[in-house]
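Everything below concerns the one structure shown next.
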Amino acid sequence: MERKTSISWVEAEKIYIRGYPIEDLIGKLSWVEVVFLVLLGRLPSSKEARLLEAIMISVIDHGVRPPSTIAAVTVANTGGSLNCAVSAGILAINKYHGGAIEDSMEAISKAVEMQEKENLSEMQAAEKLIESYKAKGERVSGFGHRFHASDPRTIKLFQIAEELGLAGKFVSQAKAIEKVLTEKTGKKLPINADGAIAALLCEMGFPPKLANGVFIMSRVVGLIAHVIEEKEKNPPMKTVDVEKYQYEGELGKRLPA
């Protein structure tokens with residue numbers, strides 16, 4: 001049975017990425033532009049490339065507490081190799097950690113679809129969406145955070161999207177869901193990084209099934225750094241206790257002008 005691929009092709013002395021000779025991409029496109037090309041099969045606009053880059057930076061690392069980091073440094077602490085330890089971290093990225101972006105994309109997209117098909121306002125669509133989740137005993141992913149009453153990543157990502165003119169109906173709908181959730185629960189449930197990224201990936205036409213991949217690509221960098229640090233700084237075969245970590249170095253550094 002014949003198989004087809006449209007991602008890449010290799011022949012003698014020739015390498016193609018989505019049909020483009022790789023030598024035409026090297027030195028001409030940024031890493032994130034090629035990531036966009038490989039994932040979606042088209043070149044991004046300069047604005048889309050900048051927004052995807054901002055998204056990937058926003059989740060590159062989140063300290064020692066995330067399950068993926070704990071898993072990675074635990075395997076490193078047992079003497080596991082870099083690839084084994086990082087793989088363990090990736091395996092911990094699932095529905096409730098990293099995978100929430102996909103679920104949030106589906107929820108926000110569903111609300112936008114309700115709004116358009118049923119001629120509802122953003123607030124009405126948000127209310128209907130939340131009620132449907134409540135009836136199933138489920139929560140809407142992408143809202144609320146264990147540590148951040150106001151997620152700094154969300155604020156910055158939405159600011160960049162506004163500046164680029166890429167904050168459209170999905171961002172607006174996410175904000176409506178946030179408002180209705182707060183009204184109905186009596187709790188402040190801000191759009192977290194997962195929810196912000198979900199809305200922005202929807203704005204750029206990413207399908208939800210790619211969401212986990214974007215998170216994994218970004219977080220791998222942080223996992224590599226944590227694994228190397230664990231091997232260099234901490235004695236082996238000691239139980240990893242995140243409460244015992246202390247930051248060393250200067251906090252609040254400023255970028256050079």
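The values are calculated or read from the model by the stated rules, or taken from the named source; none is laboratory data. Being a predicted model, the structure only gives us computed values, none of them experimental. Heads up, the Cβs are rebuilt from the backbone with ideal geometry, glycines too, and the neighbour counts pull from every protein chain shown.
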- Message: When you check LEU181 against the structure, is it touching a strand residue (DSSP E or B) at 6+ places or on another chain (Cβ under 7 Å), assigned by TED's automatic domain parsing to the domain that holds ALA125 and modelled with pLDDT of 90 or more, yes or no?
- Response: yes
- Message: Tell me the residue from ALA71, ALA76, ALA54 that is without any contact (Cβ under 8 Å) to a residue 40 or more places away in the chain, assigned to a helix (DSSP H, G or I) and surrounded by 15 or more Cβ atoms within 10 Å (Cβ to Cβ), please.
- Response: ALA71
- Check THR182 against each of (1) of a type outside the set (A, V, I, L, M); (2) buried (at least 17 other Cβ atoms within 10 Å of the Cβ); (3) in a helix (DSSP H, G or I) and name the one condition it does not meet. (2)
- When residues of the range 79-105 are filtered for being surrounded by fewer than 19 Cβ atoms within 10 Å (Cβ to Cβ) and either modelled with pLDDT under 95 or of a type in the set (Phe, Trp, Tyr) (or both), how many remain? 5
- Query: Would you say THR69 is within 30 Å of ILE191 (Cα to Cα) and not aliphatic (A, V, I, L, M)?
  - Reply: yes
- When only residues in the range 203-219 that are surrounded by fewer than 18 Cβ atoms within 10 Å (Cβ to Cβ) and assigned to a loop (DSSP other than H, G, I, E, B) count, which is farthest from the chain's Cα centre (by Cα)? GLY205
- Name the single residue, out of those in the range 57-68 being under 14 Å from the mean Cα position of the chain (by Cα) and part of a helix (DSSP H, G or I), that is farthest from VAL214 (Cα to Cα). SER68
- Task: Answer with yes or no whether LEU189 is in contact with a helix residue (DSSP H, G or I) (Cβ under 6 Å, 6 or more places away or on another chain), modelled with pLDDT under 90 and surrounded by 18 or more Cβ atoms within 10 Å (Cβ to Cβ).
- Result: yes
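Residues checked against (1) over 15 Å from the mean Cα position of the chain (by Cα); (2) at pLDDT below 90; (3) surrounded by 12 or more Cβ atoms within 10 Å (Cβ to Cβ); (4) part of a helix (DSSP H, G or I):
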position: LYS175; (1), (2), (3), (4): yes, no, yes, yes
position: ALA198; (1), (2), (3), (4): no, no, yes, yes
position: GLY222; (1), (2), (3), (4): no, no, yes, yes
position: HIS226; (1), (2), (3), (4): yes, no, yes, yes
position: GLU230; (1), (2), (3), (4): yes, no, yes, yes
position: ARG254; (1), (2), (3), (4): yes, no, no, no
- Message: When you scan the range 13-35, do you find a residue that is surrounded by fewer than 10 Cβ atoms within 10 Å (Cβ to Cβ), closer than 24 Å to LEU201 by Cα and either at pLDDT 95 or above or of a type in the set (A, V, I, L, M, F, W, C) (or both), even just one?
- Response: no
